[in-house]
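A.B. asks: Please read through the structure below; I'll follow up with questions.
Computed from the coordinates by the stated procedures, all read-outs in this text should not be read as laboratory data. Here the structure is a predicted model, which is why all the values come from computation and not from measurement. FYI the Cβ positions are ideal-geometry reconstructions off the backbone, even for glycines, and counts take in every protein chain you see.
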Amino acid sequence: MAAVTSPETSPQPRVYFQTPAGTTEEPETPVRKQGRVTVKYDRKELRKRLNLEEWIIDQLTDLYDCELQEEAIPELEIDVDELLDMPSDVERAARVKDLLVDCFKPTELQDFISELLDKIRGMQKLSTPQKK
C-alpha cells in the first residue's frame, strides 16, 4: 500500500510503501552458487594447489636472484601433476633438478626440491573428472 502525506506536513508530497498487514516479507539474500570449477574439483585441493604454485614462484624468484617476479625467471614449468604421476621421490627430485639445471644457487636448490616434495606429498592430481 502507498500512503501519500498531506501538503500541510511536508512541503513536497512523499510516497511510502508499506507491506500489507498479515504478510511478512524478509529481504531475499542471494544464494551463492559454486562456480563450475569448484563443482568439478574439491575447493580445498584447488586452494592447496594455488598456494603451492604461489610458493613455487616465490622460491624460483629467490633461486634465480630476480628483483621482480616477472624479471628474469626463465621459461620453465614445474608440472605438479606430472610429478604426482611419478612412482618415487627420487624420480621427482631428478625431474625438478633437470628443469632447474641453470639455477644460480645450487646449494639452495636441494632445499627447494626437498621442500617441494614434502608439500606435494599427499596432494591429489587435478585431472579432468570423467562424465558419467
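A.B. asks: Suppose the chain between V101 and D65 were pulled fully straight at 0.36 nm per residue; how much longer would it get relative to their current alpha carbon spacing?
C.D. replies: Working: separation 36, 0.36 × 36 = 12.96 nm, distance 1.48 nm.
Result for the pair: 11.5 nm of gain on full extension.
A.B. asks: Taking the Cβ of R49 as the centre, find all other residues whose Cβ is under 13 Å away and add up their charges (Lys, Arg: +1; Asp, Glu: -1).
C.D. replies: 0
A.B. asks: Using a 7 Å offset from the Cα along the Cα-to-Cβ direction at both L46 and K119, what is the distance between the two label points in nm, to one decimal?
C.D. replies: Computed distance between label sites L46 and K119 equals 2.0 nm.
A.B. asks: Which of the residue pairs K97/K125; K44/K97; K97/K119 have a Cα-Cα distance greater than 18 Å in the structure shown?
C.D. replies: K97/K125; K44/K97
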